[in-house]
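A short worksheet on the structure shown next.
The values are calculated or read from the model by the stated rules, or taken from the named source; none is laboratory data. Here the structure is a predicted model, which is why all the values come from computation and not from measurement. Cβ: placed from backbone, ideal geometry, glycine included. Neighbour counts: every protein chain shown.
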Ligand code: AQP
């Protein structure tokens, strides 16, 4: 057992409230109890076409957002994935024990292949192996992620066990921490699909930087059902259930209290209140992020320290791995 927690978000766009609820918000609770390592997964982002200057800017902006959400650089290691070259190197080794068929079966690979049919690259297929490397390099016990990443975490576990069986005990087999509430925040326009920051329809997601007016407008337009009762039922009322989950996360009220609060009030009033609660919750985060971005020197210094700390762990793990697989060392 180790006491280390690892997680990451890709700088593939402005994070949504789904990334916040499913991942970042939970990191804040874990940082007091565990040795936390949180990364900005820029290498993963390259699996989809990017504008280089925008990717660079979003990388620093994501760090500012982590901190604005309450992730404390004094308590956690915060670093950029590409600053620690061992991630790419361990990926190569793990690739040699990964079957092509396993990767082709991944839900995210299938979804993204449909979405980016003009660019189905090797990196897109290899995404779960890079993610396994991110985790296994740091002797990680727990990985707080949203439910969409559960399948990839299974691959990380399988690869750890496979490597250990073939080359002797090396990696800790990591476990997911999936939040009880908000593990899968759904699209506001299509409640059967997950909310994604790269959705082409901007009304489908709430970005962490949306203005109060946009937030309220998007919730007002959210797809629900023809009933008018605010009641939690994922099967029959996926849209309303999704809004109840979001409201619950932002206000702390449980489902029974929400149902009672909006009894006889109809969807218009409910959607308005969800919008207001989210706008209110995001405001201090947005203000803090803007403040942090004014001091780029400070942000870069955090990344430098983070890269040094992460590298020293990753270096030791990779050296052990190279030795075990039979690579000659100098
Ligand atoms: N809909 C979701 N509900 C709850 N958690 C979610 N996460 C993503 N979507 C939801 C969690 O956010 C963390 C970071 O995800 P990521 O940026 O590494 O990539 P992703 O899972 O592919 O997220 P997106 O928003 O869908 O990004 P794009 O559109 O670029 O692919 C993870 O912990 C994830 O579980």
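Looking at region 1-19, which of the residues that are assigned to a loop (DSSP other than H, G, I, E, B), within 9 Å of the ligand (Cβ to nearest atom) and in contact (Cβ under 8 Å) with a residue 60 or more places away in the chain is nearest to residue 72 (Cα to Cα)? So, considering only residues that are assigned to a loop (DSSP other than H, G, I, E, B), within 9 Å of the ligand (Cβ to nearest atom) and in contact (Cβ under 8 Å) with a residue 60 or more places away in the chain, the one nearest to residue 72 (Cα to Cα) is 15.
Does residue 88 meet the test of being modelled with pLDDT of 95 or more and either within 16 Å of the ligand (Cβ to nearest atom) or part of a loop (DSSP other than H, G, I, E, B) (or both)?
Details: modelled with pLDDT of 95 or more: yes; either within 16 Å of the ligand (Cβ to nearest atom) or part of a loop (DSSP other than H, G, I, E, B) (or both): no.
When the stated conditions are applied, residue 88 does not pass them.
Quick one: would you say residue 103 is in a loop (DSSP other than H, G, I, E, B) and farther than 30 Å from residue 214 by Cα? Answer is no for this residue. Being within 19 Å of residue 12 (Cβ to Cβ), modelled with pLDDT of 95 or more and either within 15 Å of the ligand (Cβ to nearest atom) or touching a helix residue (DSSP H, G or I) at 6+ places or on another chain (Cβ under 7 Å) (or both) is not true of residue 103. Any residue that is in contact (Cβ under 8 Å) with a residue 60 or more places away in the chain, within 14 Å of the ligand (Cβ to nearest atom), more than 11 Å from the chain's Cα centre (by Cα) and not in a helix (DSSP H, G or I) - is there at least one of those in region 20-35? No - not one qualifying residue is present in region 20-35.
In region 297-305, the condition of being surrounded by 15 or more Cβ atoms within 10 Å (Cβ to Cβ), at negative phi, modelled with pLDDT of 95 or more and in contact with a strand residue (DSSP E or B) (Cβ under 7 Å, 6 or more places away or on another chain) is met by at least one residue.
One line per residue, one yes/no per condition, for (1) over 30 Å from residue 55 (Cβ atoms); (2) crowded, with 21+ Cβ neighbours inside 10 Å; (3) out of contact with any strand residue (DSSP E or B) (no Cβ under 7 Å at 6 or more places or on another chain):
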{"site": "197", "(1), (2), (3)": "no, no, no"}
{"site": "206", "(1), (2), (3)": "no, yes, no"}
{"site": "216", "(1), (2), (3)": "yes, no, yes"}
{"site": "224", "(1), (2), (3)": "yes, no, yes"}
{"site": "233", "(1), (2), (3)": "yes, no, yes"}
{"site": "255", "(1), (2), (3)": "yes, no, yes"}
{"site": "259", "(1), (2), (3)": "yes, no, yes"}
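Assigned by TED's automatic domain parsing to the domain that holds residue 97 and buried (at least 20 other Cβ atoms within 10 Å of the Cβ), is that true of residue 143? So that I can check it myself, show each step before the final result.
Details: assigned by TED's automatic domain parsing to the domain that holds residue 97: yes; buried (at least 20 other Cβ atoms within 10 Å of the Cβ): yes.
The answer is yes for residue 143.
Answer yes or no as to whether residue 38 is assigned to a strand (DSSP E or B), more than 7 Å from the ligand (Cβ to nearest atom) and farther than 23 Å from residue 297 by Cβ.
Details: assigned to a strand (DSSP E or B): yes; more than 7 Å from the ligand (Cβ to nearest atom): yes; farther than 23 Å from residue 297 by Cβ: no.
Judged against the criteria, residue 38 is not a match.
When residue 54 is tested against (1) surrounded by fewer than 16 Cβ atoms within 10 Å (Cβ to Cβ); (2) within 16 Å of the ligand (Cβ to nearest atom); (3) under 18 Å from the mean Cα position of the chain (by Cα), only condition (3) is not met.
Please tell me if residue 290 is touching a strand residue (DSSP E or B) at 6+ places or on another chain (Cβ under 9 Å) and modelled with pLDDT of 95 or more.
Here the answer is no, as residue 290 does not meet what is asked.
Rundown of residues vs (1) touching a residue at least 60 places away in the same chain (Cβ under 8 Å); (2) more than 12 Å from the ligand (Cβ to nearest atom); (3) closer than 17 Å to residue 7 by Cβ, yes/no style:
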site: 152; (1), (2), (3): no, no, yes
site: 156; (1), (2), (3): no, yes, yes
site: 169; (1), (2), (3): no, yes, no
site: 175; (1), (2), (3): no, yes, yes
site: 178; (1), (2), (3): no, no, yes
site: 187; (1), (2), (3): no, no, no
site: 193; (1), (2), (3): no, no, no
site: 198; (1), (2), (3): yes, no, no
site: 204; (1), (2), (3): no, no, no
